[in-house]
Every structure is written in C-alpha cells, then in structure tokens.
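See structure below.
Here, each number is a calculation from the coordinates, and none is a lab measurement. Note that this is a predicted model, so its numbers are computed, not measured. Don't worry about glycine lacking a Cβ; one is built from the backbone with ideal geometry, like all the others, and counts go over all protein chains shown.
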Protein chains: 6
Amino acid sequence: MSEQTQLIPGNSLITETPEEGRALAVKIARLTIKITQPDAEVREKLRPTYANDAAMLIAVGQTVAAEFAIIAQANNYWR
Amino acid sequence: MSEQTQLIPGNSLITETPEEGRALAVKIARLTIKITQPDAEVREKLRPTYANDAAMLIAVGQTVAAEFAIIAQANNYWR
Amino acid sequence: MSEQTQLIPGNSLITETPEEGRALAVKIARLTIKITQPDAEVREKLRPTYANDAAMLIAVGQTVAAEFAIIAQANNYWR
Amino acid sequence: MSEQTQLIPGNSLITETPEEGRALAVKIARLTIKITQPDAEVREKLRPTYANDAAMLIAVGQTVAAEFAIIAQANNYWR
Amino acid sequence: MSEQTQLIPGNSLITETPEEGRALAVKIARLTIKITQPDAEVREKLRPTYANDAAMLIAVGQTVAAEFAIIAQANNYWR
Amino acid sequence: MSEQTQLIPGNSLITETPEEGRALAVKIARLTIKITQPDAEVREKLRPTYANDAAMLIAVGQTVAAEFAIIAQANNYWR
C-alpha cells in the first residue's frame, strides 16, 4: 500500500456511498487526462474549451459514466 | 447519510420502478455536466446548442443509456 | 403502477420476445430525445437531418444497441 | 412465433456458432438503420458514404461489436 | 465446423492466452471492416487515413477494446 | 508462456492492485495504437495532436476506461 498512486486515488475502487463512488469516478477520469497531458499549464488552457462546448461536456459525461460503471459494480451497487 | 450529495440524488442507485430509475439516470447525467461547468449561465446558453442539434441529442441519449445500464443492474432490472 | 410514464413505456423492461425487446429499446431511445427536446416541431425538423446522414444513422444504431443490451439482460436473453 | 419480425431475424438471439452469432449482429445493426431510414433508395445512396470513409467504417465496427456483445452473452459465448 | 468463416477466425472465441485473445480481437475488428467495404483496393487506400490520424487511431483502439471485452469474458479472463 | 507479447504486457490481465491494473489499461491502449501505426516516428508526430486537443484527451480517457473495465473485472475488482 506504500505504492505511490497516480491513477487510482487510495489505490482502491471501494467507497462507502454512491456519492463517494461517483466522486472517485470523476477523479479517475481527470487523472487519465493528467498522465496523457502532464503539463498543468496546457491542461488549464484546455479546460475552458471543454467546459464551454456542449459536445465535449456530453463526452465528459460519457467518460464519467464509464468509470462509474466499474466502481458501482466493484461496490456491488451499494445495495 | 448526512453527506451532502452533488452527484447522486438521494445517495442511492435503488429506485422503485424502471421509470424512476430512468429519471435518476437523466438527473445523474445532468449533475455531471453541472460539476464540469458549474456556471449556470453558461449551461443555460449551451442548452439550445444540444437541444437543436441532432448529433448532440443522440449523444445525450447514449449518455443516459450508459447511466441507466448501471441503475438497471443495481435494481436487478426490477424483475 | 398508476405512475405516468414518460421514459419507460409500460414501466417495465420485461418483454415476451427479442423482437418486442428491440422495439422497446427503440422507443426508450426516442423518449430520451423527447424529454431533451420537448418541442415536437423542432424534433420533426431534426428528423431528416439524422435519417439522411450516414454518421448519425450509425450513432442511432449505437444508441439502440446500448438500450437493447440492458433490456436483453433484464429478460435473461429470452433463453 | 407468428409475430412478424422487423428488428430481430428469427426473433431469437440464440445461434449455433460464433460465426452465425456475428452474422446476426451485422443483420441486427442493419435492421436498425432500416427502421430509422425506411427509404431503400436513400439507404442505397448513403452506403458509399460510409463504405468509403475510414471514420464511419470504424463506427460501423463499434456498432457491430456492441450488438455482438449481447448475442455472445446470450449464447454463453458458445463455450 | 466445416462452415466457412468470414467474421470469426476459427469460429471460436476461446484462446489459450490473453495475448492470443487480443490478437483475435484485432482480427475480428478488421473482418468487420472487410465485409462492410469488401473492395480490398478501397481498404488499402483508406488505411493511411486512419493510421495517420490521431482521432481515428483512438477510435480503432476503442473498437479493439470492445471486441476484447467479449473475448476476455468468454475466456473467463484466463484466470 | 515463451510467447512473445506485443499486445498484452506479461500476457496476463491479473495485477496486484487497482493502480497496477489501471497502468496496465494505459499500456494496453497504447499497444493497440502501436500495432495500428507501427512507425514510431509517425506516432511521435501524432502525440502532440491528441495531447493538446480537449476532445481527443477525452477520447483517450474513454479508451482507458474501456480497457480498465475488462482488467477490473478480471481481478474481481481487487475486493
């Protein structure tokens, strides 16, 4: 567990609640962007591009849904 | 359960009926847009863009389907 | 069951046959478009756009496949 | 079984072999296009568009993969 | 097994290793392109288009991932 | 196991932790690009294209999510 995580915060997919699971999905999605474009300045410049573009906002939503599907199953849907 | 939810209304994926599950899928999809673009005014400006564009309407539909797949499985398909 | 459904016809994912399940997938996909763009006139105007555009026809097909995946699993693949 | 099928040939997802399952996936994908654009003449005109466009060929491939995922699971992967 | 396969090499999703499973996913993805555009000359002309376009390379990657998801599950993940 | 792997590093989907599983997903996604465009020089030229384009960064994220879904399931979500 001393492994330094860059991609999965806490090195676990298990969360206590759906809300925390969704927040984890958002973070994991952002960390993938971060390792693909490690330059923080470039990422900052790109942020308004997707936050102000309807098609990209939808695509961000699809990515978060894909990450959340994995986390929800890992947590047995918090049933 | 006192956790303030921003991403999953009611902090649960469980609903009584498929209709309520689908409505939850729509809400969760919208909440992802909301945290990606927190400015309500900008979101209002973008709304006509995707509501009047055939390709974006289809993409919204794909996002809702992805969210609903998770919720339907969480509810064991309301069998 | 007196709940008025807007999103899931019959408020159920269960169908008797694969054909009916596929038809339900098509209807659910259309109902998502309908709540995103509630103006019937606008939807009518957009219809020829996607029915005459190869890329959009493919995207419609992907959406229906995603909805059908959920319904098929709900029905245990009508095995 | 006297139901006239438009969407699922044979009104069944069960096939004897993976090859037949894949062929069924291709047919189901095409039938979705057909009900979205029922005019055969228009479909004929669109065919060269996607058969000669690399991005669309890839998108067709993604659609067939999505349909095949459902059929493969229905057939327990022909194990 | 005397069936001539065009879509699924070997008419089976079962492979000995993950590497072979991934190679099968790539082949199946290519065979879908082949039946959609049967003209080898046209396919040869399109190849540089997607091999030199970042967006298309990513889309090819998504297609292979979708095919591999099916094959990996068929093989119980080679656990 | 002496098989030379080009597509799946280590010829296995099993990892010890979610972090390692995610790193494997990233590597597998890159190896698919590599066999589709084997020329390292061309790949190097394309890298800035997708690392500086918001839409492509999102698409890369979707690809990694798709690969990770397979790996996470293979590892029973490291529960």
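So the label point sits 7 Å from Cα along the Cα-to-Cβ vector; using that for C:VAL42, what distances do you get to the other copies, in nanometres, sorted shortest first?
List, nearest first: 2.1, 2.1, 3.7, 3.7, 4.3 nm.
How high is the relative contact order of chain B? Use alpha-carbon pairs under 8 Å, at least six apart in sequence, and give a whole percent. Let's see the in-between values first.
Working: 51 pairs, mean separation 33.7, N = 79.
Over chain B, the number comes to 43 percent.
Have a look at D:ARG30, D:ARG47, D:ARG22 and tell me which one the Gaussian network model of chain D (Cα, springs below 10 Å) gives the largest fluctuation.
Checking each option, the largest mean-square fluctuation is seen for D:ARG47.
Per residue of chain C, what 222 nm ellipticity follows from adding -39500 (n - 2.57) for every DSSP H run with n ≥ 4, rounded to the nearest 500? All intermediate terms of the calculation are to be shown ahead of the outcome.
Values: 3 runs with 52 residues, N = 79.
Result for chain C: -22000 deg cm²/dmol, rounded to the nearest 500.
Nearest 10 degrees is fine. How inclined is helix B:40-51 to the longest principal axis of chain B, computing both from alpha carbons?
90
Charges on Cβ only, +1 for Lys and Arg, -1 for Asp and Glu, centred on the Cα centroid of the stretch B:39-79; of B:VAL42, B:MET56, B:ALA72, which one is farthest towards the dipole's positive end?
Going by the Cα projections, it comes out as B:ALA72.
I'd like the mean, over residues of A:24-31, of how many other protein chain beta carbons sit within 10 Å of each residue's own Cβ. It would help to have the intermediate numbers written out before the result.
Details: counts 0, 3, 4, 0, 6, 7, 1, 3.
The mean count of partner-chain Cβ atoms within 10 Å per residue comes to 3.
Using Cα centres only, tell me the gap between the stretch C:33-70 and the stretch A:52-79 in whole Å.
First find each Cα centre; the distance between them is then 21 Å.
How are the Cα pair distances of the stretch B:39-79 distributed, in percent, across 10 Å bins from 0?
26, 32, 28, 13, 0
Provide the FRET efficiency to the nearest 0.05 for the D:ASN52-D:ARG79 pair, computing r from the beta carbons and using R0 = 35 Å. Show your work: numbers first, answer last.
Details: r = 38 Å, r/R0 = 1.09.
After rounding to 0.05, the efficiency reads 0.35.
Just to be sure I understand: with springs between alpha-carbon atoms less than 10 Å apart, which residue in F:ALA29, F:ALA54, F:ALA69 has the highest mean-square fluctuation in the Gaussian network model of chain F?
Largest GNM mean-square fluctuation: F:ALA54.
Relative to the longest principal Cα axis of chain B, at what angle does helix B:18-36 sit, 0 to 90 degrees, rounded to 10?
50
Based on Cα coordinates alone, diagonalise the gyration tensor for the protein assembly as shown, multiply each eigenvalue by 5, take square roots, and list the semi-axes in whole Å, largest first. Intermediate values should be presented prior to the final figure.
Working: eigenvalues 169, 169, 118 Å².
Output for the protein assembly as shown: semi-axes of 29, 29, 24 Å.
In the stretch D:1-47, if every C-alpha pair distance is counted and binned at 10 Å from zero, what percent goes to each bin?
24, 45, 27, 4
Take peptide F:44-54, look around each residue's Cβ out to 10 angstrom, count Cβ atoms belonging to other protein chains, and average those counts.
Numbers: counts 0, 2, 7, 2, 3, 4, 6, 9, 6, 5, 14.
Averaged over the peptide's residues, the number is 5.
Per residue and in Å³, how big is the convex hull formed by the alpha-carbon atoms of chain C?
Working: hull volume 7.7 nm³, N = 79.
In chain C, the Cα hull volume divided by residue count equals 97 Å³.
Using a 10 Å cut-off on Cβ to Cβ distances, tally the other chain neighbours for every residue of C:8-16 and report the average as a whole number. Write down the numbers at each step before the final one.
Details: counts 10, 2, 2, 8, 6, 9, 4, 0, 2.
Taking the mean over all residues of the peptide, I get 5.
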